[in-house]
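Notes follow the structure.
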Ligand SMILES: [Cu+2]
């Protein structure tokens, strides 16, 4: 490895194979330094990242042999972790484990308003949200409408973003507009433990 420090004249004198090896090693070291610098520069300039790059970057990686590696590692790593936390932070299986009437997510994407019944039949009587879980598009308003059954209910965001009144009145409504892509878990305070839970996924 000390050969890297040899002069150009000496490298020319080396046999073909070892000279290539020497150059490649030196090249890799230089690429590493450039990558570190470029990573800082682009990381600051493009905070949004480019999700599309991740896909192509990781597939290329498996097929490439000795082509430049610097572009892949530099763009793929920071953006990859960002998107993963967005989509996989919610464990829906655990969330809906006690929810007898949960039957997957209903697709309501493209609708400007979606109604969810509060106090629908499903969990030991009228202690359910119906539908329990929905997919909606950004900008959708979700309207929760009380059936009047099951006593008092409320609608509370697990993450604390919203909380309705705790009421029993038939026809009472509470609404929220979901502008941003992401996931929301919500529940009814008196019946959370027995499974009165809901979920909303906002997606483009
Ligand atoms: Cu309830």
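No value in this document is a laboratory result; all are computed from the given coordinates. Everything numeric here is computed off the predicted structure, so don't read it as measured data. When we count neighbours, we look across all protein chains shown, and the Cβ atoms used for this are built from the backbone with ideal geometry, even at glycine.
What does DSSP give for the range 102-161 in terms of the percent of beta bridges that are antiparallel, rounded to the nearest 5?
Among the beta bridges of the range 102-161, antiparallel pairing accounts for roughly 25 percent.
Can you sort 192, 163 so the residue with the fewest Cβ neighbours within 10 Å comes first?
The fewest-first ordering by Cβ neighbours comes to 163, 192.
Treat each spin label as a single point 7 Å out from the Cα along the C-beta direction, and report the residue 105 to residue 177 distance in nm.
2.2
How big is the antiparallel share of DSSP beta bridges in the range 92-202, given as a percent to the nearest 5?
Of those bridges, close to 60 percent are antiparallel.
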